[in-house]
Each structure stands twice: as structure tokens, then as C-alpha cells.
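Below: one structure, written as C-alpha cells.
The values are calculated or read from the model by the stated rules, or taken from the named source; none is laboratory data. Computed from a prediction, not measured in an experiment: that's the story for all the values here. Positions of Cβ are backbone-derived with ideal geometry, glycine not excepted, and every protein chain shown enters the neighbour counts.
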Amino acid sequence: MSKSFFLGANWKMYPPPEGALAPDSPYHDTPGAKVVVFPTSLHLLGCHKAGLVCGAQCARPEQSGAFTGDIGMAMLKAENIPYVLCGHSERRTYSEDTGKYHDETDQVIAAQVRTAVALNITPVVCIGETLDQRNAGKTEEVLGRQLETIDPPASAIIAYEPVWAIGTGMTPKPPEVVAAHAFIRSRLRDRAMYILYGGSMNPKNAAELLALDGVDGGLIGGASLKPKEFAVIVEAAKKAASK
Ligand code: PGA
């Protein structure tokens, strides 16, 4: 067997799916598929204590401070939380109308990644282009710029998540995924990292996506909230890992 595939279940602002904490749920780490759940900050410790391998959806680099509503990397470290998402596109964006999201820039994300690594927490660094950028032929330029500014170290995990594929049911064509992963790997030179695909991975497309060259796992949102669907993706990852 080659290395285990990495599957991140990004639960966003939803409670853990029913039965997720039970010993027989598909959200447990298992041979062939390194399963990590990303619950809300509120549910993080409960999931951790129930024996799920957990990551935070975000955390600040500062040790502590007047940052209402946020949590810090040092707090994750104190609770032995081993993973953190950095730079998910939903935290990068901003809407003036509703004030939703967090307007995180590559510089902010770089600081998160540096602090996580210094504390021995593995960052899952999300990068990806918008549809306008893809249509303008700028995918590699965007990915290259994000990687250059964030400068992820060898211990980081990269999640290639085209913004237009997240939560939309659309995915890039297989050769487009392969090309993006190859480009990312070339930019990381010989740093040995996991490169995940994220964006509308579901039970129907998981086997195909996970079998693609250079894809080492997935970051899954919507389908990770449905235990039966997620279980199918875990099986697809195990199968891909056994090849
Ligand atoms: P999705 O989300 O699987 O619902 O597209 C992926 C993500 O946000 O990481």
C-alpha cells in the first residue's frame, strides 16, 4: 500500500452530523484513509474528546488578545488539536452588504501558517482560483502568487480548491485537476506534501477524482455532512490508496 489518503471533513457552520461521535461512524481515522474532521470552534473539543482526529476551521496567530469571537493557534496547541485550516476561500472573501466572511489575505494566511508550524500544528492551506480567473487563463498565475506569498513549509498540506467548485456541484475536468496539482507540486519543488482536491467532491465523483495523478486526498464540505455519503468517499480513498 502507498501512503494513506487524507480526507478532511469541513463541517463549516453546521453541528456534527448525527452519530458522528459514535465509535462506528465513518469520521474516524482508519487504515488507508487519514480522516480529519473540522468542526466549529464550539464543537471542536467535544469531537476531539470523543476520539475523532480534529482540526480547527481557522485560528489567529496571536497568543491571546482583544479579538472578539476568535480563537488562537496557541489555544489549539494547549488542547492538542493537530490540524488547522488556513485560507479557506470562505474566509478569504468579504461582502460589504452583509459583512459576512473575513477578508483574509495571503499575508494574513501566511502568518497563520507560520505560527501553526512553529507550534507543531499541521496547516491545511487552501488555494484556488475564481471562475473569472480560470476563464481568463490565469489559474497558474493565481496559484503561483498564493503559494509564493504563503510559502508553505514541507509539513503543510495543500488543498487545491477552485473557488467556483465549492458548494456548486461543479468540478474541473480531470485533466484540469491533474494540471493544477502538477503545477502546485512543481512550485513546491521537492517538498513532500499532501496535495488535496476540494470542491464538490461527492460519492459519485470521489473515486475518479481520488484516482487522478497527484491527488492525495480531498477536502469535503457538503458531502461530509451526510455520514452515508462520506462513508462512500472514505471507501473510495481506501481503494485509491491500495493501488
Ligand atoms: P464542498 O466544500 O465539498 O461543499 O464543495 C468544500 C470546501 O469548502 O472545502
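Being aliphatic (A, V, I, L, M) and within 25 Å of PRO39 (Cβ to Cβ) narrows it down to one of ALA231, ALA136, ALA207, ALA179, so name that one.
ALA231
One residue is enough: does the stretch 212-231 have a residue meeting the conditions over 23 Å from LEU188 (Cβ atoms), in contact with a helix residue (DSSP H, G or I) (Cβ under 7 Å, 6 or more places away or on another chain) and not in a helix (DSSP H, G or I)?
no
For the stretch 143-198, which positions are within 14 Å of GLY217 (Cα to Cα), away from the ligand (no atom under 16 Å from the Cβ) and β-branched (Val, Ile, Thr)?
Residue satisfying the conditions is VAL178 alone.
Under 7 Å between Cβ atoms, which residue pairs at least 6 apart in sequence (or on different chains) link something in the stretch 5-21 that is more than 23 Å from PRO123 (Cβ to Cβ) and at pLDDT 95 or above with a partner that is within 16 Å of the ligand (Cβ to nearest atom) and in a loop (DSSP other than H, G, I, E, B)?
Final answer for the pair search is PRO17/LYS226; ALA20/TYR27.
Could you give every pair whose Cβ atoms fall below 7 Å, whose first residue belongs to the stretch 194-213 and is on the phi < 0 side of the Ramachandran plot and of a type in the set (Asp, Glu), and whose second residue is assigned to a helix (DSSP H, G or I) and more than 10 Å from the ligand (Cβ to nearest atom), counting only separations of at least 6 or pairs across chains?
That search, which allows pairs on different chains as well, returns GLU208/PRO174; ASP213/VAL178.
Pull up the stretch 148-180, narrow it to residues that are in contact with a Leu (Cβ under 8 Å, 6 or more places away or on another chain) and hydroxyl-bearing (Ser, Thr, Tyr), then point me to the one that is surrounded by the fewest Cβ atoms within 10 Å (Cβ to Cβ).
For the stretch 148-180, the residue satisfying everything is THR171.
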